[in-house]
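All remarks here apply to the structure that follows.
The values are calculated or read from the model by the stated rules, or taken from the named source; none is laboratory data. Predicted, not measured: the structure shown is a model, and the values here were computed from it. Cβ placement follows ideal geometry from the backbone for every residue including glycine, while neighbour counts extend to all protein chains displayed. Protein only, heavy atoms only, side chains kept; ligands, DNA and RNA dropped before computing areas. Shrake-Rupley method; radii C 1.70, N 1.55, O 1.52, S 1.80 Å.
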Amino acid sequence: MLASVALVDSKGKKGKAGGEVVVVGMFQGEKPDAHLPKGAAFSRAVGASADRPECTGESGRIVEAFTEGGARVMVLGLGKKDKFKPSSLRSAGAAVARRMGVIKGGKVRFSIAPALEAAGAGSPGDKRMAGRCIGEAFGLLSWDNLGFKGKATAPDKRERHAVSLAFDDASMNEGAKLGLAIGEAANITRTLSETPPNVATPEFMAKAARKLAKEFGLKCEVIEGKALERERLTGHINVGKASENKPCMIRLEYTPKGGKGGKGGKAKKQKPLVLIGKTVTYDTGGLSLKVNNGMVGMKRDKDGGCAVLGAMRLCAAAIKPGYPVVAYLCAAENSISDEAYRPDDVLTYRNGVTVEVTNTDAEGRLVLADALCYTCDKDAPVGIIELSTLTGGVITALGSTFAGLFCDDDALRARMEAASSSSGERVWRLPTDQEYRDMMKSPVADILNSNPNRKAHAGQGAAFLSYFVKEGVPFCHLDIAGMHVSDGDSGMYVKGSSGFGVRILADVLLQEA
Ligand code: BES
Ligand code: MN
Ligand code: ZN
């Protein structure tokens with residue numbers, strides 16, 4: 001695998017002969033030399049590979065050729081020309097990145113601009129997107145999950161090498177910078193996600209947020225201990241009660257430089273876009289204990305928060321939108337002890353809504369409700385996007401193909417859907433309805449945290465959360481329970497945390513407000 005990827009400037013020096021792998025594009029049913037860059041010295045080598053039966057041009061297929069001087073050329077299949085999209089380069093780029101891992105290649109140059117032009121994707125925007133997709137693929141494939149390997153793992157199992165990435169086209173090069181930054185942010189998310197629960201406690205997450213804030217000039221505030229009581233963040237207090245790892249709500253704030261609402265700006269403060277992430281550092285289910293192996297993997301119940309953290313890094317380091325962005329990580333460990341909150345407890349939230357706890361395993365919504373009330377009170381958000389591994393029900397409904405999207409607001413939903421299609425992180429809309437809200441009514445309090453009728457678990461979660469969002473505030477809930485981990489090694493992903501959420505949020509932040 002790749003250890004790191006560095007981008008060399010498109011005008012930079014080419015590598016020594018033999019040292020640099022050159023990638024050219026080929027469409028299905030065409031000759032591979034149809035789109036060679038002008039004056040390419042390797043056209044003879046490439047021409048010869050055309051007759052090989054495996055040289056089909058199907059998307060992601062790589063056929064290699066060698067020049068007389070020994071330089072390696074990869075003929076990269078781009079699929080059918082009329083179906084080509086710049087984003088197809090995510091999987092094709094991943095194939096090249098994986099091949100670079102196998103051949104231990106240190107330098108690769110993409111000379112595929114002529115092929116993009118031939119497919120009608122030659123505009124600067126298309127080329128930037130193509131470069132970005134290749135950058136994302138190389139970035140994501142440079143991640144590993146070896147942080148907790150010890151002395152019993154042989155060093156050669158960790159052998160990795162650096163790759164430098166270059167393009168013959170300035171727009172592609174520019175796009176690749178963004179793609180690599182996206183990959184880097186997603187990798188930080190994945191590493192946090194994989195960090196085991198005895199290490200990644202709420203306090204650990206707070207430290208990670210503080211470090212990020214310091215590095216990129218964000219404001220960071222951690223609400224913990226007595227301050228949780230003062231702010232009446234009852235969900236955190238109760239869900240986190242049983243654990244010696246104390247809960248906290250982490251708040252990060254990005255302020256654009258110079259713009260309205262910017263530091264020292266006289267103009268009226270702009271209202272922020274708010275991101276919220278479920279950060280349950282371990283979910284045992286609490287007293288409604290998880291059974292039959294349902295607990296294994298619950299270190300990843302913090303992945304909504306990890307994705308929000310990755311997105312905030314990207315926001316501050318690369319995207320720098322012209323409007324403020326505020327993030328909340330709702331961090332608690334759902335454990336068991338004599339101090340645990342229980343089924344039958346009634347919690348009173350800061351917005352006055354009372355909740356009867358029927359199931360301590362429906363804990364995510366209880367901590368998220370705190371952040372929803374709090375942000376509606378304090379930030380007057382223009383919109384709220386909340387990500388959580390909220391329900392097993394969404395996995396039953398959508399598998400690992402789509403995240404469940406719940407959003408009543410047409411404009412915010414359109415933003416999410418546009419971001420989904422450009423980022424490639426897929427979402428599918430699921431229904432919100434008064435009937436689901438009614439299903440959450442409690443005989444003793446205002447609402448229940450879970451209706452035991454076993455119906456529409458994902459929709460119940462969304463309905464519950466809606467009780468904590470002020471009327472008129474656009475709200476989007478993304479249930480990422482099926483998407484935050486990849487169970488196999490394919491395309492841009494290896495087995496383990498996927499970093500889902502970082503890329504769709506990146507595209508939301510890239511949109512004009
Ligand atoms: N963290 C889980 C949801 C989950 C399950 C995430 C599997 C990833 C994989 C959540 O807190 C939970 O336990 N949800 C319950 C809700 C139920 C008790 C109403 C569920 O979906 O079973
Ligand atoms: Mn749970
Ligand atoms: Zn949970």
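Close contacts from the range 262-287, counting a first residue that is open to solvent by less than 10 Å² (accessible area, probe 1.4 Å) and acidic (D, E) and a second that is within 16 Å of ligand 1 (Cβ to nearest atom) and at pLDDT 95 or above, with Cβ to Cβ under 7 Å and a gap of 6+ residues or different chains, come to D283/M298; D283/D301; D283/N334; D283/E363.
What about G286, is it within 16 Å of ligand 2 (Cβ to nearest atom) and either closer than 26 Å to I223 by Cα or touching a strand residue (DSSP E or B) at 6+ places or on another chain (Cβ under 8 Å) (or both)?
Working: within 16 Å of ligand 2 (Cβ to nearest atom): yes; either closer than 26 Å to I223 by Cα or touching a strand residue (DSSP E or B) at 6+ places or on another chain (Cβ under 8 Å) (or both): yes.
Yes; evaluated as a whole, the condition is true for this residue.
Taking the conditions exactly as written (within 16 Å of ligand 2 (Cβ to nearest atom), polar (S, T, N, Q) and open to solvent by less than 50 Å² (accessible area, probe 1.4 Å)), does T195 satisfy them or not? No; evaluated as a whole, the condition is false for this residue. Of the residues in the range 467-479, at least one is within 16 Å of ligand 3 (Cβ to nearest atom) and either more than 16 Å from A362 (Cβ to Cβ) or without any contact (Cβ under 8 Å) to a residue 24 or more places away in the chain (or both).
Scan the range 326-369 for residues that are among the acidic types (D, E) and within 16 Å of ligand 2 (Cβ to nearest atom) and report the count.
Residues of the range 326-369 that are among the acidic types (D, E), as a first pass: 333, 338-339, 344-345, 356, 361, 363.
Next cut, within 16 Å of ligand 2 (Cβ to nearest atom) only: 333, 345, 361, 363.
Qualifying residue count for the region: 4.
Of the residues making up the range 96-116, at least one is part of a strand (DSSP E or B), of a type in the set (K, R), touching a residue at least 12 places away in the same chain (Cβ under 8 Å) and open to solvent by 10 Å² or more (accessible area, probe 1.4 Å).
Among the candidates S59, S88, which residue alone is buried (at least 18 other Cβ atoms within 10 Å of the Cβ) and part of a loop (DSSP other than H, G, I, E, B)?
On inspection, the qualifying residue turns out to be S59.
Per the listing S450, S421, the residue uniquely assigned by TED's automatic domain parsing to the domain that holds I385 and without any contact (Cβ under 8 Å) to a residue 24 or more places away in the chain is S421.
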